[in-house]
1. Name, by its number, the condition in (1) under 26 Å from T101 (Cβ atoms); (2) out of contact with any Phe, Trp or Tyr (no Cβ under 6 Å at 6 or more places or on another chain) that does not hold for F79.
2. Can you work out which of the residues in the stretch 19-47 that are exposed (fewer than 14 other Cβ atoms within 10 Å of the Cβ) and in contact with a helix residue (DSSP H, G or I) (Cβ under 8 Å, 6 or more places away or on another chain) is modelled with the highest pLDDT?
3. Looking only at the stretch 93-151, count how many residues are surrounded by 12 or more Cβ atoms within 10 Å (Cβ to Cβ), hydrophobic (A, V, I, L, M, F, W, C) and touching a residue at least 24 places away in the same chain (Cβ under 8 Å).
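The values are calculated or read from the model by the stated rules, or taken from the named source; none is laboratory data. Just so you know, these numbers come straight off a predicted model, no measurement behind them. Neighbour counts are summed over all protein chains in view; Cβ atoms, including those assigned to glycine, are modelled from backbone coordinates with ideal geometry.
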Amino acid sequence: MNANVGAKEKFSIDDDLDISKVIPGNGVIHVTGEVAMMRLPHEINVQVKRLNSEVVGTCNRCLKVFKIKLAVSHAEREFIIDLPAEEIEPGEDIFYVDKRTREIDLTDMVSHELLLHFPLIPVCSESCKGLCDQCGVNLNETTCSCKHITRVANSPFRFPH
């Protein structure tokens, strides 16, 4: 906080992070990455690069629990030291430097970036066959004798008669 404007510092992240409040079904995960900080007139610019981790997810097709690799190439936040209130835009996300401890807690920033990079529809593999819609067996592990309707090749909505 006492560094001159423009001063920079870099360090690596190689630590455990509790994301249980952000990504359900997960607790403490291991995270690696790089952090670069630069002192600005009223705040500190924090850039997180090459952030990597693995979280637990459930396949939307077959309900199998599997590990999902998450990668964040770049994320950036400004942590305010003493910015006047009139210079803060309405609705802007605000992050502060803890003046008492003189620390910046990256927990929320990293947790939320990992959440943003979580797949919208997690699947264990692109070739996952899912569950039978009639008997419920996992079609990746066994076949069933249920009659399945096959889709017409070029239409996701039309079925053969």
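1. Unmet condition: (2).
2. It comes out as H42.
3. Residues flagged as surrounded by 12 or more Cβ atoms within 10 Å (Cβ to Cβ), hydrophobic (A, V, I, L, M, F, W, C) and touching a residue at least 24 places away in the same chain (Cβ under 8 Å) within the stretch 93-151 amount to 13.
Matching residues to (1) part of a loop (DSSP other than H, G, I, E, B); (2) β-branched (V, I, T):
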| residue | (1), (2) |
| --- | --- |
| V56 | no, yes |
| N60 | yes, no |
| A71 | no, no |
| E76 | no, no |
| L83 | yes, no |
| R100 | yes, no |
| L114 | no, no |
| I121 | yes, yes |
| C124 | yes, no |
